[in-house]
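Inspection log for the structure reproduced underneath, given as structure tokens.
Nothing in this text is a laboratory measurement; each read-out follows from the coordinates by a stated rule. Here the structure is a predicted model, which is why all the values come from computation and not from measurement. Cβ atoms come from the backbone with ideal geometry, glycine included; neighbour counts cover every protein chain shown.
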Amino acid sequence: MLEKKQNRLAGKKIKLNGYRFLNNMLRKFIYLLGQNIRNPSLKKHFYFLKKSENWSLEELENYQFKKLKELLLVANEHSEFYKNKFIEFDLDVNKISKLSDIKSIPILTKSELLSNSKSIHTNLKFKKTFLATTSGTSGKTLKFNREETADSFNRAAIQRGYSWFNIQPWFRNGYFWGFNFSFIQKIKNNFLDFLQNRYRIFSYEENEIKNFIKQTKNASFISGYSSMIYQTAVYLNKSTLEKPKKLKMVKGTSEKVLNIYQEEVKKAFGVKMISEYGATEAGIIAFECTEGNMHINMEGVLVEEIDQEILVTNLQMQSFPIIRYKLGDYVTLAPRSKKCSCGKSHLIIDEVTGRVGKSIYGKTNIYPSLYFYYIFKNLGNTFQIFLNYQVIQEKKGKLTFLIEQELSKYELEQLNTEILKYFKEDIFYNIIPNSDFKKTKGKLKNFISLIDE
């Protein structure tokens, strides 16, 4: 009797494994079919990136210089904006003889990009282009055409990052993205999610969160807004819901992955949250490896740091050249000598410290928004006080500090000390613990200024 029962269980297990195998093959077929139709050059780019990830730093920079020269020649010949810009600065792109010569090229600001998007486009003809749109959290939306090969290269760079975690893009996955959709848009996204074996959360209501968590039981990875992943982890850790055990990767995008998130995320999902850093117009800039370092996608972008701000050159896009673009982020680049134990030679971004954003207005002085980053970093490094925060300025000379956690008397004293260290008596401020944060177009911004500059 026992033997028969064991045989039945074994038979069910074989059937279940067979079903999973067939389902995976079907999902792979559907995904690759769609990929070959939409992004026919992606496979070629992915194979190249898997090969180049083993290159030396010298080989990577040689490749960067080759792509930079190609890009400059295309921009000079086929982009009205860059042709005029190079003439204005008396720049002969043919005299660019080494990678460091890029410093002679003028910096492209965000306002220039938005104001001259039509003339930045090249007059080259491509078999296939996609209309790309930025999220417009700064209040202005950028639209531009990106050729298929550049789009495919960017997607291949993401897939390479996935491969470091033994993830295939057709694996079951959850997506924290896309809120306030219309009914029609929601139906469209549901169809696209089906093709990509993906499910997503459309609102932050309790039933939606519970349903998302239940679906995560069979997922291999989840990704999206880092603050949403964190909040879901907090909810899961407080609930009696079963925690997922099969996740190989939790990826935060679009927002900074704060250190304070990691304890809750590990407890809820079994793995830490890794970072993918990029921008629509710049492409994938860096991807975190299994050893916790953010490797620059050197085959796709050339990164510079000036006064802690990042400049990005997209080496793969010729339809809409992005050269020495001041993206608007503060970053810290690791020394060239820093080596990662994963074996990759790609340069490393030690930290994306935050958005440059709007200025902070005191009663008499103006301050950079980076001050908030240092205030809370100091609290963590010096006093082991780790807080999740958002600062709002509605009037000049006044700030509201929203703190997610409850604050002890000691923590409140240290926070006050740090704030006064940076602003002294120039700003009146209010600290509100146990606060919910405001979101802008789905994103969580650490500093929201309502002052019209």
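For the stretch 215-275, just list the percent of Cα-Cα distances falling in each 5 Å bin from zero outward, please.
Once binned at 5 Å, the Cα pair distances of the stretch 215-275 give 4, 22, 34, 27, 11, 2.
Determine, for LYS421, LYS409, the number of other Cβ atoms within 10 Å of each Cβ, and report the residues in order from fewest to most.
Placing the least packed residue first, the sequence is LYS409, LYS421.
Could you work out the Rg to Rh ratio of the chain, with Rh taken as the Kirkwood radius (inverse of the mean 1/r over all Cα pairs)?
0.99
What are the extents of the Cα atoms of the stretch 251-336 along their three principal axes, listed from largest to smallest and rounded to whole Å?
Largest to smallest, the principal-axis extents are 43, 28, 22 Å.
Around TRP55, under 12 Å between beta carbons, what's the net of Lys plus Arg minus Asp minus Glu among the other residues?
Result for the neighbourhood of TRP55: -2.
Going by how many other Cβ atoms sit within 10 Å of their own, how do TRP164, TRP170 line up, fewest first?
By the 10 Å Cβ count, ascending: TRP164, TRP170.
Report ³J(HN,Hα) in whole Hz for each residue of the stretch 159-176, in order, from the Karplus equation J = 6.51 cos²θ - 1.76 cosθ + 1.60 where θ = phi - 60°; Gly and Pro get x.
Whole-Hz 3J(HN,Hα) from phi for the stretch 159-176: 4, 4, x, 4, 4, 5, 10, 6, 10, 9, x, 8, 5, 4, 8, x, 9, 8.
Report the extension gain between LYS363 and LYS245 in nm, rounded to one decimal, defined as 0.36 nm multiplied by the number of residues separating them, less their alpha carbon distance.
Answer, rounded to one decimal: 37.3 nm.
Give the average over all directions of the projected area of the C-alpha convex hull of the stretch 46-145, one decimal, in nm².
Result: a mean projected hull area of 8.3 nm².
Rounded to whole Å and sorted largest first, what semi-axes of the equivalent ellipsoid does the C-alpha gyration tensor of the stretch 406-446 yield via the square root of 5 times each eigenvalue?
Working: eigenvalues 108, 47, 13 Å².
Rounded to whole Å, the semi-axes are 23, 15, 8.
Would you calculate a helix-derived [θ] at 222 nm for the chain, using -39,500 (n - 2.57) for each DSSP H run of n ≥ 4 and dividing by the full residue count, to the nearest 500?
Working: 13 runs with 181 residues, N = 453.
Only helices count here, giving -13000 deg cm²/dmol.
Each label point is 7 Å from the Cα along the Cα-to-Cβ direction; what then is the distance between the points at ASN211 and SER435, in nm?
3.2 nm
How high is the relative contact order of the stretch 360-449, in percent, with contacts defined as C-alpha pairs under 8 Å that are six or more residues apart?
35 percent
Once you keep just the Cα pairs under 8 angstrom separated by 6 or more residues, what percentage relative contact order results for the stretch 248-390? Let's see the in-between values first.
On the way: 237 pairs, mean separation 22.0, N = 143.
Result for the stretch 248-390 is 15 percent.
I'd like to know how the stretch 333-453 sits against the 2.2 N^0.38 Å rule of thumb: what's its Cα Rg over that expected value?
1.22
With an 8 Å Cα cut-off and a minimum separation of 6 or more residues, compute the relative contact order for the chain in percent.
So the answer I get is 13 percent.
Can you give the alpha-carbon Rg of the stretch 375-434 over 2.2 N^0.38 Å, where N counts its residues? Walk me through the numbers before you get to the answer.
On the way: Rg = 11.1 Å, N = 60, 2.2 N^0.38 = 10.4 Å.
In units of the globular-protein estimate, the stretch 375-434 measures up at 1.06.
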